[in-house]
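What follows is a single structure, written as C-alpha cells, with notes after it.
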Amino acid sequence: KMAKPVVFVIGASGNIGSATVLALSAKYSDKVEIRAGVRNPDKADKLKAIAGVTVVKAEMGEEVELPKTLEGVDALLIVTPGIEHQAPISIKTAEVAKAAGVKFIAVAGGATGPSVGAPMAEIVETVSNLGVPYTILQLPMFVDNYWGLKGGIVGQSSIFSPVDPTKPFATVVVEDAGKAAAAILADPQKHAGKSYDLISESHTYNDVAAAFSEVLGKEVKYVRVPYEATKKAMTDMGAPEYQVTALTEAYQLIDSGSPVMNPANIGDFTAITGEQPTTLK
C-alpha cells in the first residue's frame with residue numbers, strides 16, 4: 001500500500017490555517033496525511049482535537065529545526081503572517097521548504113498587507129522563481145471581521161467606517177478560503193502554476209448594513225466617519241502603526257474603485273471546490 005502524501009500547513013493556528021486543517025480533515029483525510037505546524041503545540045488544543053491531524057512544532061522563517069520538520073512533505077501551505085515583516089519570513093520559509101525537498105508550495109496572503117499588496121507581490125515573485133511547483137492564493141477582506149462591528153451595532157444600531165458605502169469590494173469567508181486551500185493541497189498537480197483570487201462575495205457597506213438589519217430585525221445604519229478619526233480610534237485601541245496604515249490604504253483603494261480591492265474575477269472558489277461560496281446572510 002502506497003504511503004499517503006503528506007500535507008503540511010504552517011501557520012496552522014491562525015484563521016486561514018485552522019480553517020484549511022479543518023477542511024482537510026473533513027474531506028481529504030482518507031487521501032492525505034495532515035500535519036499542522038504551529039509555534040507552540042502546547043497551545044494548539046483545538047487543532048489536536050481535529051480528527052486525523054498531527055500537530056507539529058514549526059516556526060516560520062526558522063532555519064535550524066524547520067528543514068528537518070519539512071522533510072518528506074509533499075505539499076506545503078504557507079499562510080503569510082499578519083506581521084510587519086511578512087515578506088522576508090514567508091520567503092525564508094519557502095526557501096527552507098525547497099531545500100528540504102518539499103514538492104509543492106501554496107502561499108495564501110492578502111492584498112491588505114503593509115502598503116497594500118507589496119509584500120505579497122515580493123513573496124509571489126520569489127516563490128514563482130524557486131523551481132518548485134506552486135499555487136498563489138490571494139485573499140481579500142475577511143467577512144469574519146464584521147464581528148468586530150458588534151459594539152456599534154449593539155450599542156448604537158450603527159456601523160462606523162470611513163469607507164464610501166456605495167463602493168463594492170471583494171470579501172472571503174474564512175471557512176471558504178480553508179475549503180479552497182484544502183482542495184489545492186489534496187490535488188497539487190491540478191493547480192500548479194496558478195494564481196487564484198479567493199472570493200466569496202463582492203458587496204458594499206450599504207449591503208452589510210442591510211444584511212445586519214434584516215438578520216437582527218432592526219434598522220442598522222451606516223455612519224461614515226472621517227479617516228483621521230478612524231486612524232485615531234485604531235491607534236487608541238493599540239493597533240500598530242503599520243496595521244493602521246495598511247487598513248487605511250485598503251479602505252482608500254475601495255473608495256477609488258481600485259481592482260486591487262475588487263477583482264473582476266470572482267469565480268475561482270467554485271472552480272476549485274465545485275461548491276457555491278458563502279453569501280453575507
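So with the 1.4 Å probe, I'd like the accessible area per residue for the range 66-225, rounded to whole Å².
I get 40 Å² per residue for this part.
Within 14 Å, Cβ to Cβ, of Thr245, how many net charges do the neighbouring residues add up to if Lys/Arg are +1 and Asp/Glu are -1?
-2
Need the list of aspartates and glutamates near Lys232 for cross-linking: C-alpha distance under 14 angstrom, and skip anything on the same chain fewer than eight residues off.
Within the straight-line cut-off, Lys232 pairs with Glu241.
Report, to the nearest whole %, how much of the accessible area of the range 1-59 belongs to carbon and sulfur atoms, 1.4 Å probe, protein only.
Carbon and sulfur atoms account for 53 percent of the accessible area of the range 1-59.
Which order do peptides 52-59, 193-200, 101-108 fall in by mean Cβ count within 10 Å, highest first?
Highest to lowest by the protection proxy: 101-108, 193-200, 52-59.
Just order 165-172, 61-68 by mean Cβ neighbour count inside 10 Å, highest at the front, would you?
In decreasing order of mean packing, 165-172, 61-68 become 165-172, 61-68.
Rounded to the nearest 5, what % of the DSSP beta bridges within the chain are antiparallel ones?
10 percent
Binning at 10 Å from 0, report for the range 86-217 what percent of all alpha-carbon pair distances ends up in each bin.
Going out from 0 Å in 10 Å bins, the range 86-217 shows 11, 34, 29, 16, 9, 1 percent.
For the range 237-281, what does the accessible surface come to per residue with a 1.4 Å probe? Please give it in Å².
Heavy-atom accessible area per residue stands at 56 Å².
Would you compute, from DSSP H runs of 4+ residues alone, the mean residue ellipticity of the chain at 222 nm, taking -39500 (n - 2.57) per run and dividing by the full residue count, rounded to the nearest 500?
-11500 deg cm²/dmol
For the range 1-61 and the range 122-163, what is the separation of their Cα centres, given in Å?
Taking the Cα centre of each part, the range 1-61 and the range 122-163 sit 22 Å apart.
Normalised by the empirical 2.2 N^0.38 Å for globular proteins, what value does the Cα Rg of the range 1-120 take?
Here the answer is 1.02, to two decimals.
Answer with a single label: of (i) 161; (ii) 125; (iii) 138, which was calculated as volume of the Cα convex hull per residue in Å³ from the structure in view?
Correct label, based on the coordinates given: (iii).
Take the solvent-accessible surface of the protein heavy atoms, probe 1.4 Å, and return the percent of it on the range 138-240 that carbon and sulfur atoms account for.
Whole-percent figure for carbon plus sulfur exposure: 57.
The values are calculated or read from the model by the stated rules, or taken from the named source; none is laboratory data. What you are looking at is a predicted structure, and each value in this text was computed from that prediction instead of being measured. Neighbour counts run over all protein chains shown; Cβ positions are idealised from the backbone, glycine included. Quick note on the areas: whole protein, heavy atoms, side chains included, nothing else; ligands and nucleic acids left out. Shrake-Rupley method; radii C 1.70, N 1.55, O 1.52, S 1.80 Å.
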